[in-house]
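S.K.: Structure in structure tokens, see below.
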Amino acid sequence: RLNIVSGRSAVTAVGLVVVASSPGAKTDGWLAAELAYANDRFADVGLHFVVRDGTGVAPLSAAEATIGDAATRDQIGRKRHALGTILVIAPLRLVDLDGVTTRSGVHWRDRQDRRGEDQRRRWIIVARNASEMVLAHELGHFFGLPHSTAPTSFMNKTIRQRPARSAWRLTRHERRVVQRRLAAML
């Protein structure tokens, strides 16, 4: 659900629905770190992410603890997707589509949804062993950002000399893209 948070100037709260393997204290700590990093990175565009309506973290089934193919990504997201929220699926492991390597996260579009790119059902999948910046990176994709070559952008996924993660931000261009996408969503 997108709504204006009272008491904060020009801040839009975006509700997240989170489903995860083994919800509980360990997931809550992992999720708190992911949310804190994402909220810090998107603060300068007026975005703040919260778990929707205090519902906490919904469970994935044991069979969904590892997501290893496109059909499973579609199925898990499709049955939990709801308009007005961003669905975050947090399995224990996320296997790449090659069936061998693992991934930290992915911004996924429902392959059966044939509407235009901006209207397609989509969600975020972040493995629970991912570093704290992965949710922010995938949220960047959700708001229309491609990968970046800017060394200080958290949308840059290349490994090379870079400042500390705490210094990674959105570039000026990326802020404009996110603000346009947010305005269209609202």
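S.K.: Just need a number here: residues in segment 31-51 that are of a type outside the set (Gly, Ala, Ser), open to solvent by 20 Å² or more (accessible area, probe 1.4 Å) and part of a helix (DSSP H, G or I).
M.R.: 4
S.K.: Mind listing just one residue for me: the one in segment 139-186 that is open to solvent by 40 Å² or more (accessible area, probe 1.4 Å) and of a type in the set (A, V, I, L, M) and, of those, nearest to residue 89 (Cα to Cα)?
M.R.: At the first step, the residues of segment 139-186 found to be open to solvent by 40 Å² or more (accessible area, probe 1.4 Å) are 146-147, 149, 151-152, 157-167, 169, 172-173, 175-176, 179-181, 183-186.
Checking the rest, the ones that are also of a type in the set (A, V, I, L, M) come to 159, 164, 167, 183-186.
Details: 159: 26, 164: 27, 167: 27, 183: 25, 184: 24, 185: 21, 186: 23 Å.
Checking each candidate, the answer is 185.
S.K.: May I pose another question? Only one of 103, 111 is open to solvent by 20 Å² or more (accessible area, probe 1.4 Å), closer than 20 Å to residue 31 by Cα and touching a residue at least 24 places away in the same chain (Cβ under 8 Å). Can you tell me which?
M.R.: Only one candidate passes the filter, namely 103.
S.K.: Okay, next question. If we scan segment 88-98, do we find a residue that is in contact (Cβ under 8 Å) with a residue 12 or more places away in the chain, outside any strand (DSSP E or B) and closer than 27 Å to residue 28 by Cβ? Give the derivation first.
M.R.: Applying the first criterion (in contact (Cβ under 8 Å) with a residue 12 or more places away in the chain) to segment 88-98 yields 88-95, 97.
Those still in the list that are outside any strand (DSSP E or B) too: 91-92, 97.
Now restrict to residues that are closer than 27 Å to residue 28 by Cβ: 91-92.
For segment 88-98, residues in contact (Cβ under 8 Å) with a residue 12 or more places away in the chain, outside any strand (DSSP E or B) and closer than 27 Å to residue 28 by Cβ: present.
S.K.: Taking residue 77 as the residue in question, decide whether it is surrounded by fewer than 16 Cβ atoms within 10 Å (Cβ to Cβ) and either of a type in the set (Gly, Ala, Ser) or in contact with a Pro (Cβ under 7 Å, 6 or more places away or on another chain) (or both). Before the answer, list the steps.
M.R.: Working: surrounded by fewer than 16 Cβ atoms within 10 Å (Cβ to Cβ): no; either of a type in the set (Gly, Ala, Ser) or in contact with a Pro (Cβ under 7 Å, 6 or more places away or on another chain) (or both): yes.
No, not satisfied.
S.K.: Quickly run through segment 132-161 and pick out the residues that are of a type in the set (Asp, Glu) and assigned to a loop (DSSP other than H, G, I, E, B).
M.R.: Within segment 132-161, 132 is the sole residue that qualifies.
S.K.: Is it the case, given these coordinates, that residue 129 is open to solvent by 80 Å² or more (accessible area, probe 1.4 Å) and either assigned to a loop (DSSP other than H, G, I, E, B) or under 21 Å from residue 37 (Cβ atoms) (or both)?
M.R.: Here the answer is yes, as residue 129 does meet what is asked.
S.K.: Residue by residue through segment 81-95, note down the ones that are crowded, with 17+ Cβ neighbours inside 10 Å and farther than 18 Å from residue 49 by Cα.
M.R.: Within segment 81-95, 91, 94, 95 qualify.
The values are calculated or read from the model by the stated rules, or taken from the named source; none is laboratory data. Only a predicted model underlies this, so the values are computations on that prediction, with no experimental measurement involved. Heads up, the Cβs are rebuilt from the backbone with ideal geometry, glycines too, and the neighbour counts pull from every protein chain shown. The area values use the complete protein model at the heavy-atom level, side chains included, leaving out ligands, DNA and RNA. Shrake-Rupley method; radii C 1.70, N 1.55, O 1.52, S 1.80 Å.
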